[in-house]
1. Is it true that Leu196 is surrounded by fewer than 17 Cβ atoms within 10 Å (Cβ to Cβ), at pLDDT 95 or above and not aromatic (Phe, Trp, Tyr)?
2. Of all residues in region 217-252, which are in a helix (DSSP H, G or I) and touching a residue at least 40 places away in the same chain (Cβ under 8 Å)?
3. Can you pull out the residues in region 125-157 that are more than 17 Å from Lys174 (Cβ to Cβ) and either of a type in the set (Asp, Glu) or touching a strand residue (DSSP E or B) at 6+ places or on another chain (Cβ under 9 Å) (or both)?
4. Has region 311-321 got any residue that is of a type in the set (S, T, N, Q) and over 20 Å from Met166 (Cα atoms)?
5. Considering only region 144-195, how many residues are assigned to a helix (DSSP H, G or I), among the β-branched types (Val, Ile, Thr) and under 23 Å from Ile27 (Cα atoms)?
6. Please find, within region 1-34, the residue that is surrounded by the fewest Cβ atoms within 10 Å (Cβ to Cβ) out of those that are in contact with a His (Cβ under 7 Å, 6 or more places away or on another chain) and of a type outside the set (A, V, I, L, M, F, W, C).
7. Of all residues in region 35-93, how many are at pLDDT 95 or above and more than 30 Å from Val378 (Cβ to Cβ)?
Amino acid sequence: MKILMFAHDGSQNRGCEAIVRSTTNIIKEKIEGSKIYLASGKPETDLIINQLDGVYDASLNQIKRFSFDWLFSAIHLKIFKNESYALGKINEKILKHLHDMDVFLSIGGDNYCYGEQPNWYEIDRRVKAKRKKLVLWGCSIGEEDMSEKKLEDLKLFDLILARESMTYQMLVAKGLKNVQLCADPAFTMEKTELPLPYGWKVDDTIGLNYSPLVYKKNPKSKEAVCDLINHILATTDSVIALTPHVMQNENNDFSILEEIHNEFKSTQRIILLPSHLNATEYKGYIARMRFFIGARTHATIAAYSCYVPTIVLGYSVKSRGIAKDLFGKEKLVLNIEDLSVSGKLIMSFNQMLNEESFIIQSLKSSIPRMKKMSREAVVHLEEYLKK
């Protein structure tokens, strides 16, 4: 069985890397003889994932102005109101694998949260036209993200695996069939423990992940995060470890965390973790933190899965749904608008501090169930493949 994972733009986003790593492992554990391949927008960044059987370049082609393809695409669009020819040429590097593979796994967990996705729609149509199996793997989609075009695309999938209950319930309510509830595969990802950096305080280091994405959505949030750091420094003896998790151009956690580090490094209680670690190495550090405060979903999943009490910065269906499935309610998940209010951040931190033991016990109770649900995604996949 040859499985191609696609809708992945490279492992500079350590959350995307975590999905690829953990998905590959849990499928190979369960489905004997499976071969897992990855189509990537930045294949050079994925060579760190040794479990894969192959990595293919799936970067987008550019259609040169006034070329035959450009003219033919323009005619199709003008006369037939159809972008299919152009989208086929743009996505040619992935579409050339249609005849090689048995199953196509669309793995971008929140790809459907960011408006229309004509490239994915075109790939999905062509996969089904070739009578190949098409699976949406570990997705999160908010009702506010849905559109008629998106719903029509989702109807093409043979199997949809929602990674939290809020997405699952919404998709079922929309009338979609073959929807199953699972958990994010990254709950099962292994960790790699590197030596602790200078300044780390064993059992009392607090991880903090902040992102340019959150800053763009709410520029005042950076000041509020700095106010939270001042509060932690003033009221505790803890060390703070600034923890990047996405290092993409124009979306680089390390750059914005370096600015914060420079502002507080004179306190000698601020550590900046390096930008070159892989997802398992970041998880290795996060696992040894006392608390974690994070904007990136998979950084928070790394914390949750290691029983580290966590505050989530940024209110989205994936963060709300994951927290709800862990705790029975949306615990310590802050709305993007709330992130500019220092008092709300500080109040959430104090709540986490006061409820530390309870949160740890809750996670120890729920994480085994979440890991089981992660692996059940492969059970659903295997059952479907046997039909």
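The values are calculated or read from the model by the stated rules, or taken from the named source; none is laboratory data. Fair warning: this is a prediction, and the values are worked out from it, not measured in the lab. Positions of Cβ are generated from backbone atoms using ideal geometry, with glycine treated the same way; all protein chains shown enter the neighbour counts.
1. Here the answer is yes, as Leu196 does meet what is asked.
2. First, pick out the residues of region 217-252 that are in a helix (DSSP H, G or I): 217, 221-235.
Once the filter is applied, which keeps residues that are in a helix (DSSP H, G or I) and touching a residue at least 40 places away in the same chain (Cβ under 8 Å), region 217-252 yields Lys217, Ser221, Glu223, Ala224, Val225, Asp227, Leu228, Ile229, His231, Ile232.
3. Pass one, region 125-157, residues more than 17 Å from Lys174 (Cβ to Cβ): 125-135, 137-138.
Listed by number, the residues that qualify are Val127, Lys128, Lys132, Lys133, Leu134, Val135, Trp137, Gly138.
4. Scanning region 311-321 turns up no residue that is of a type in the set (S, T, N, Q) and over 20 Å from Met166 (Cα atoms).
5. Here is the first cut: in region 144-195, the residues assigned to a helix (DSSP H, G or I) are 144-145, 148-154, 165-173, 185-188.
So of that shortlist, the ones also among the β-branched types (Val, Ile, Thr) come out as 167, 172, 188.
Checking which are under 23 Å from Ile27 (Cα atoms) leaves us with 167, 188.
The number of residues fulfilling the criteria is 2.
6. Ranking the candidates gives Gly15 first.
7. Matching residues across region 35-93 total 0.
Per-residue answers, yes or no, for (1) in contact with a Phe, Trp or Tyr (Cβ under 6 Å, 6 or more places away or on another chain); (2) under 20 Å from Ser238 (Cα atoms):
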residue	(1), (2)
Ile271	no, yes
Gly284	no, yes
Arg288	no, yes
Ile293	no, yes
Ser305	yes, no
Gly314	no, no
